[in-house]
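Colleague: I have a structure I would like to understand better, so I am pasting it below and will then ask my questions one at a time.
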There are 2 protein chains.
Amino acid sequence: MKPANLYLITDISGYTPQIGRLVSMMNYVRWTTLDEVKDLNVKQLDYLHDADSNSIGALLMHIAAVEASYQESTLGLDGFRGRDSEELRIALDLGERSRRKIKGHGVDHYLRILQAVRSKTLEEFASRDDTWLDKQTSFWDRRRANNYFKWFHVFEDELNHRGQIRWLRKRALEQG
Amino acid sequence: MKPANLYLITDISGYTPQIGRLVSMMNYVRWTTLDEVKDLNVKQLDYLHDADSNSIGALLMHIAAVEASYQESTLGLDGFRGRDSEELRIALDLGERSRRKIKGHGVDHYLRILQAVRSKTLEEFASRDDTWLDKQTSFWDRRRANNYFKWFHVFEDELNHRGQIRWLRKRALEQG
């Protein structure tokens, strides 16, 4: 069932105004990601289109891993602690190693990890405010980035891979 | 050259606070889209990976077309007027017709149209405010959506296709 307010970028109770808008966007993005994968079986999640392709499963784990890495760099959490830490660390880099190691899981495995990572983010966001969101550090190319940009990047990277997941899903389903 | 403030989601002079943040995100997204395509030749822009694939050129035209369509529905503009209108209308729907009709162009053709559409959006945004951004109408599935969501959708759809463009770019370059 679709969550209420899925199509509103607005205040969310429990968050400051700008964080509420950021969370609105993250919620929509995640909903659409999950909608693409929730009915896939192990073979489809492991489908490799060609020698350079990542599987949908590896892309899902990568999405969780990117979020965990920004938990470390912006929220002071150890995003890679606990039982999923090895898989998350591997999936931070897509490519050969992820192709070899991230496979054989049903969709529930990925959904559980995505949810576990996300719930920590939201818990932390609830104790931050818009001043924190505006806070800048030196970032890529030694340019300034604020926390809003860094968390925008977390969801824009997810959207980038959701586009690939949609493309791969169509081809994976054709394989049966 | 990278624009200043590429990694800041923040106020932008000439726009109200929330519109400034929206434009910050749209600017970053567009910069990354153009970065993937600016060096491609006609053959690479027309590359079709398989019978169901869209070319990078068609995806670029689709990105402009989606923006034009939200200019109509939210800004009261006729986004499909002028010399590019036929191509934009075709590219609103990806698939067989876009594959057949959108091809043979150098990258400058797509960049010009993307820029022409975008400049109209930004001009209109400058005369709107955050109250407008919050304005709701009935939308998909008869749910409420505000203008912030609709324009978030414009750039999240672009990101989705940027992910596909990145994937296709790699394969198109391998074809020479």
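The values are calculated or read from the model by the stated rules, or taken from the named source; none is laboratory data. Computed from a predicted model, the values in this text were never measured in an experiment. Neighbour counts are summed over all protein chains in view; Cβ atoms, including those assigned to glycine, are modelled from backbone coordinates with ideal geometry. Areas reflect the complete protein model, heavy atoms only, side chains present, ligands, DNA and RNA absent. Shrake-Rupley method; radii C 1.70, N 1.55, O 1.52, S 1.80 Å.
Colleague: From the set of residues in the range A:164-176 that are within 11 Å of chain B (Cβ to nearest Cβ), touching a residue at least 24 places away in the same chain (Cβ under 8 Å) and in contact with a Phe, Trp or Tyr (Cβ under 9 Å, 6 or more places away or on another chain), which is surrounded by the fewest Cβ atoms within 10 Å (Cβ to Cβ)?
Modeller: Ranking the qualifying residues of the range A:164-176, first place goes to A:171.
Colleague: Out of the residues in the range B:22-32 meeting the condition of being within 12 Å of chain A (Cβ to nearest Cβ) and touching a Phe, Trp or Tyr at 6+ places or on another chain (Cβ under 7 Å), tell me which one is farthest from residue A:10 (Cα to Cα).
Modeller: B:29
Colleague: Okay, moving on. For the condition buried (at least 17 other Cβ atoms within 10 Å of the Cβ) and either more than 15 Å from the chain's Cα centre (by Cα) or within 29 Å of residue A:167 (Cβ to Cβ) (or both), what is the one hit in A:104, A:57, A:76, A:82?
Modeller: A:57
Colleague: If residue B:5 satisfies all but one of (1) within 30 Å of residue A:172 (Cα to Cα); (2) within 13 Å of chain A (Cβ to nearest Cβ); (3) of a type in the set (S, T, N, Q), what's the number of the condition it fails?
Modeller: With (1) within 30 Å of residue A:172 (Cα to Cα); (2) within 13 Å of chain A (Cβ to nearest Cβ); (3) of a type in the set (S, T, N, Q) applied to residue B:5, the lone miss is (1).
Colleague: What do you reckon, is residue A:10 within 11 Å of chain B (Cβ to nearest Cβ), assigned to a helix (DSSP H, G or I), within 21 Å of residue B:142 (Cα to Cα) and modelled with pLDDT of 95 or more?
Modeller: Here the answer is no, as residue A:10 does not meet what is asked.
Colleague: Also, I was wondering about something else. Quick one: in the range A:115-133, which of the residues that are in contact (Cβ under 8 Å) with a residue 24 or more places away in the chain and not in a helix (DSSP H, G or I) is farthest from residue A:64 (Cα to Cα)?
Modeller: A:129
Colleague: Oh, and also: Name the pairs whose Cβ atoms lie under 6 Å apart, with the first residue in the range A:6-26 and farther than 20 Å from residue A:146 by Cα, the second outside any helix (DSSP H, G or I) and open to solvent by 30 Å² or more (accessible area, probe 1.4 Å), and 6 or more positions between them or separate chains?
Modeller: A:7/B:139; A:7/B:143; A:14/A:126
Colleague: To continue, here is another question. Criterion first (in a helix (DSSP H, G or I), within 8 Å of another protein chain (Cβ to nearest Cβ), open to solvent by 10 Å² or more (accessible area, probe 1.4 Å) and within 19 Å of residue B:48 (Cβ to Cβ)) does residue B:161 satisfy it?
Modeller: Taking the combined requirement at face value, the residue satisfies it.
Colleague: Still on this structure: Give the range A:85-94 a look and list any residue that's in contact (Cβ under 8 Å) with a residue 12 or more places away in the chain, open to solvent by 40 Å² or more (accessible area, probe 1.4 Å) and not in a loop (DSSP other than H, G, I, E, B), or say none.
Modeller: Hits for the range A:85-94 are A:89, A:92.
Colleague: Hey, another quick one. Residues being open to solvent by 20 Å² or more (accessible area, probe 1.4 Å), of a type in the set (A, V, I, L, M) and more than 13 Å from the chain's Cα centre (by Cα): count how many of those fall in the range A:8-40.
Modeller: Total satisfying the criteria: 1.
Colleague: If you don't mind, there's one more thing I want to ask. I need the full set of residues from the range B:128-156 which are under 22 Å from residue A:2 (Cβ atoms), open to solvent by 20 Å² or more (accessible area, probe 1.4 Å) and not aromatic (Phe, Trp, Tyr), in order please.
Modeller: B:134, B:135, B:136, B:137, B:138, B:141, B:142, B:143, B:144, B:153 - these are the residues of the range B:128-156 that are under 22 Å from residue A:2 (Cβ atoms), open to solvent by 20 Å² or more (accessible area, probe 1.4 Å) and not aromatic (Phe, Trp, Tyr).
Colleague: Quick check on residue B:114: is it away from chain A (no Cβ under 14 Å) and crowded, with 18+ Cβ neighbours inside 10 Å?
Modeller: Against the criterion (away from chain A (no Cβ under 14 Å) and crowded, with 18+ Cβ neighbours inside 10 Å), residue B:114 qualifies.
Colleague: What number of residues within the range B:134-151 satisfy the criterion of being at the interface with chain A (Cβ under 8 Å from one of its Cβ atoms), part of a helix (DSSP H, G or I) and either in contact with a Leu (Cβ under 7 Å, 6 or more places away or on another chain) or acidic (Asp, Glu) (or both)?
Modeller: 4
Colleague: Kindly check whether there is at least one residue in the range B:57-70 that is within 13 Å of chain A (Cβ to nearest Cβ), touching an Asp or Glu at 6+ places or on another chain (Cβ under 8 Å), closer than 15 Å to residue B:151 by Cα and hydrophobic (A, V, I, L, M, F, W, C).
Modeller: yes
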